[in-house]
There are 2 protein chains.
Amino acid sequence: MKMISVLAEPNRLHIVELLRDGPLTVGEIAEQLGIRQTQASKHLRVLSEAEIVEVTAIANRRIYKLRPERFKELNTWLESFRSIWDERFDRLDDYLHKLQEKEKKHGNKK
Amino acid sequence: MKMISVLAEPNRLHIVELLRDGPLTVGEIAEQLGIRQTQASKHLRVLSEAEIVEVTAIANRRIYKLRPERFKELNTWLESFRSIWDERFDRLDDYLHKLQEKEKKHGNKK
DNA sequence: TTTAAATATTCCCTTACAAGAATATTTAAT
DNA sequence: ATTAAATATTCTTGTAAGGGAATATTTAAA
């Protein structure tokens, strides 16, 4: 889940949300976020290395867009928590039972 | 998406993954992660304040478990990227067309 | 053929934050 | 009544990483 730490940075998260609506150049991204071009480039570099975005060079412009893979991965990871949001059966009860058993064993030793 | 920055810390991510399989005490978590109890407590505090986990006090034990809400939120956020992983239509083409139009306009002015 | 635009890179500085150590607090055990 | 176990909190320190400024590089424009 390297992706998560990369997206932890607010500007990078924002960039990703911008690109959700389609590709953009570095300048456009910097403008929309209200940050300097040089910072935008840096963040885009990190996003590139994490394979979250990819770039297409057109003359002196760089057009960035999202790559799907990492999002799919994140989705798979999140899927593994699906059982949690059935709040119905709460494993806490089970756990408490186990705890009680342990306590009883201890009691018997005495 | 506060959740993302909280989960960016490797130990916290690990804790969440541990709790996926059911509730655990602080001591158990610390043991599994191979970190000191004091660090585990700190990370659990952050996770609590982010409402990612909740705690049940039994005597001098604290049993932590996941809360579903934040995961649901993350899922909703991730849903908003679903259109991306249909790689079929790539908005890059559209963007390039727009660029070309701009270039032509410039050319005509000359 | 110089100048301007778009982007990337490097260096420095500052700040946020995780780890360590020590200690406090609550409850259980003896 | 003491001692031990489980957990939380506070203080300090070291470090990773983001922002600023300056500059390099590539391509377009005049």
Looking at segment A:20-33, can you tell me whether even one residue there is of a type in the set (Gly, Ala, Ser) and touching a Phe, Trp or Tyr at 6+ places or on another chain (Cβ under 7 Å)? yes
Scanning segment A:1-36 for residues that are part of a helix (DSSP H, G or I) and more than 21 Å from B:LEU92 (Cα to Cα), the one farthest from the chain's Cα centre (by Cα) turns out to be A:ASN11
Considering only segment B:4-25, I want to know if a residue exists there that is touching a residue at least 60 places away in the same chain (Cβ under 8 Å), of a type outside the set (Phe, Trp, Tyr), within 14 Å of DNA strand D (Cβ to nearest atom) and under 25 Å from A:ARG12 (Cβ atoms). yes
Residues satisfying the stated conditions in segment A:20-69, i.e. of a type in the set (Gly, Ala, Ser) and closer than 25 Å to A:ILE4 by Cβ: A:GLY22, A:ALA30, A:GLY34, A:ALA40, A:SER41, A:SER48, A:ALA50
Residues in segment A:18-28 that are open to solvent by less than 50 Å² (accessible area, probe 1.4 Å) and either of a type in the set (Asp, Glu) or within 8 Å of DNA strand C (Cβ to nearest atom) (or both) total 4
Against the conditions (1) within 14 Å of DNA strand C (Cβ to nearest atom); (2) modelled with pLDDT under 95, where does B:ALA50 fall short? Just the number, please. (2)
Scan segment B:70-84 for residues that are closer than 13 Å to B:ILE4 by Cα and either within 15 Å of DNA strand C (Cβ to nearest atom) or open to solvent by less than 70 Å² (accessible area, probe 1.4 Å) (or both) and jot them down. B:ARG70, B:PHE71, B:LEU74, B:ASN75, B:TRP77, B:LEU78
Can you pull out the residues in segment A:40-60 that are open to solvent by 70 Å² or more (accessible area, probe 1.4 Å), touching a residue at least 12 places away in the same chain (Cβ under 8 Å) and at negative phi? A:GLU54
Name, by its number, the condition in (1) touching a residue at least 40 places away in the same chain (Cβ under 8 Å); (2) more than 16 Å from DNA strand D (Cβ to nearest atom); (3) open to solvent by 20 Å² or more (accessible area, probe 1.4 Å) that does not hold for B:ARG91. (1)
Within segment B:23-49, the residues that are within 12 Å of another protein chain (Cβ to nearest Cβ) and closer than 22 Å to B:GLU73 by Cβ are B:PRO23
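The values are calculated or read from the model by the stated rules, or taken from the named source; none is laboratory data. Keep in mind that this is a model prediction, so the values were computed, not measured. Cβ: placed from backbone, ideal geometry, glycine included. Neighbour counts: every protein chain shown. Ligands, DNA and RNA are excluded from the accessible area calculation, which covers all protein heavy atoms including side chains. Shrake-Rupley method; radii C 1.70, N 1.55, O 1.52, S 1.80 Å.
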